[in-house]
Amino acid sequence: MVPLYNYSKKQFANAVYLDSSHSFSTSIIAFPERKSVVTFPTLIRGGSGINVVPSSCEAYGDVRLLPGTSPEEINGLITEQLDRFSIPNSQLEDLLEVPVAETHPQAEVVQTLAAAVEAITGIQPRVEGSGPACDGWMFITRGIPTVCGYGVAYGGVHGADEWVDLESLRSTTEVYAHTIPHYLENKSSYG
């Protein structure tokens, strides 16, 4: 969900300044011990020139839903904040909504992968939600249990210094090479 709101023209008001001074964040309990953080806005556009005081602006925010939250709840929180800051003539519009999706931790695919991780690496993995906006929602919402989030050690995501640990790439490949046949053979443990 990417909410958007617009400011209407107001005499002698610098809309971009008004908007940046009214940013806010709030939290919603989603996973036990975790909170979903809503930071709004994340992008502000306004004005037509370097020497012109903007009369209107658009502010965008990116909210990633977790289980226990709904688009309506997020819209309510944002609207409440806009009202609290007395922002005139604002509009809230959803540009995109990705549904919340979960695979049960006891699902066979989850347990088969967890067993493979432990057998290959000797480490018992944590089995918990992977967080919001994972592409697995496309499978999960169609009834296909999906594991999101197990993979290689990495850093610098989407930056010039993005990296992946090659040893973890090898062990992750080995884990999946063991998981696939065991899952397909309907086995959930290693003996």
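Just a few scattered comments:
- Cβ separations smaller than 7 Å between residues 6+ apart or across chains give the following pairs from segment 105-128 residues that are in a loop (DSSP other than H, G, I, E, B) to residues that are small (Gly, Ala, Ser): PRO125/ALA114; VAL127/ALA114.
- In segment 129-159, of all residues being aliphatic (A, V, I, L, M) and in contact (Cβ under 8 Å) with a residue 40 or more places away in the chain, the one that is surrounded by the most Cβ atoms within 10 Å (Cβ to Cβ) corresponds to VAL147.
- Residues of segment 146-182 that turn out to be within 21 Å of GLN111 (Cα to Cα) and touching a strand residue (DSSP E or B) at 6+ places or on another chain (Cβ under 6 Å), as a count: 1
Here is a yes/no grid of residues against (1) of a type outside the set (Lys, Arg); (2) more than 22 Å from the chain's Cα centre (by Cα); (3) assigned to a helix (DSSP H, G or I):
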position	(1), (2), (3)
VAL63	yes, no, no
GLY68	yes, no, no
GLU73	yes, no, yes
SER86	yes, yes, no
VAL98	yes, no, no
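- You will find that of ASP135, ASP161, ASP165, the residue that is closer than 21 Å to THR69 by Cα and within 24 Å of the chain's Cα centre (by Cα) is ASP135 and no other.
Throughout, read-outs are computed from the coordinates displayed, never taken from laboratory work. Just so you know, these numbers come straight off a predicted model, no measurement behind them. Counting neighbours? That spans all protein chains shown, and the Cβs are built from the backbone with ideal geometry, glycine included.
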